[in-house]
Amino acid sequence: MQKAVDTFIRVGYAAKGIVYILIGALALRVAAGIGGGRLTDPGGALYVVLAKPFGTQLLLVLSIGLLSYATWEIAGALLGWRRHAREGWGSRALTVVRALVYAIIGYKGLRLSLGLQAGDSGPEPLVRTALHWPGGKWLVLAAGAGAVIYGIIEIRDAIKGKLEPDLSASTLRQRAGEWALHVARGGIIARALVLLLLGVSVVRAALTERASAAGGIDASLVFLHSLPTGALILGAAAIGLLAYGVYQMFHARWAQLS
């Protein structure tokens, strides 16, 4: 039973990797001015998978992997399993929020693979719903601030060479080499910067009470592209997201789950 659970978790890490590799590759094409690129988020990447040969089958596997990963993370954070037993409740809460995002992506992918409508992607629909709840503005504000804080922590940890709780820098260096550690750190920083921008947009949406102000990863990439020398900045971010995807493949292979 435990071996089967570990297999699903590794499939989930690999699914994350594939999603970010797609996002990075598509953004890199935009930055380079090559046709066929687009600035998208994990939800949009699902449609790219679906359009490929055997896309339905691949999307089904990816979705099951993402849902398995999210379920494991949420259960672990709430019940204090394994590495979560050493974390405080603030860290566990961030884990649950992050896992819920992947659960939503996995659910949408599952619907698409079954030929059903998946709905909109990105934080805007969730923010619009939450703003109608009692105290919803403050909940959205807390979620946006949490994303900003999470991004800052990820950047700090990557600079220090700290990776995932179940994959240490020393393990990755030993298994794959020093180059893999550089890829991992660069990828983590790139994704964290994009999430930081996402968090800022959610905070702005809460303060203005306009759900349309909440942008996803795609909106963050559009913002980077709009800056002076935006093609270079977008290209750097795209390479970073590609690196994060590759790092997640390392994570799937060498995570110490037991």
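Scanning region 231-251 for residues that are buried (at least 21 other Cβ atoms within 10 Å of the Cβ) and out of contact with any Asp or Glu (no Cβ under 7 Å at 6 or more places or on another chain) yields a count of 12. When region 146-175 is limited to residues that are out of contact with any helix residue (DSSP H, G or I) (no Cβ under 6 Å at 6 or more places or on another chain) and of a type in the set (A, V, I, L, M, F, W, C), the one that is nearest to residue 250 (Cα to Cα) turns out to be 159. Within region 215-230, if we keep just the residues that are buried (at least 18 other Cβ atoms within 10 Å of the Cβ) and touching a residue at least 60 places away in the same chain (Cβ under 8 Å), the residue that is farthest from residue 126 (Cα to Cα) turns out to be 225.
Considering 32, 51, 27, the condition of being surrounded by fewer than 17 Cβ atoms within 10 Å (Cβ to Cβ), of a type in the set (A, V, I, L, M) and modelled with pLDDT of 90 or more is satisfied by 32 alone.
With respect to residue 118, is the statement that it is closer than 18 Å to residue 16 by Cα, surrounded by 14 or more Cβ atoms within 10 Å (Cβ to Cβ) and at pLDDT below 85 true?
The answer is no for residue 118.
The values are calculated or read from the model by the stated rules, or taken from the named source; none is laboratory data. A quick note: this is a predicted structure, and the numbers were derived from the prediction, not measured. Note: ideal-geometry Cβ built from the backbone for every residue, glycine included; neighbour counts use all protein chains shown.
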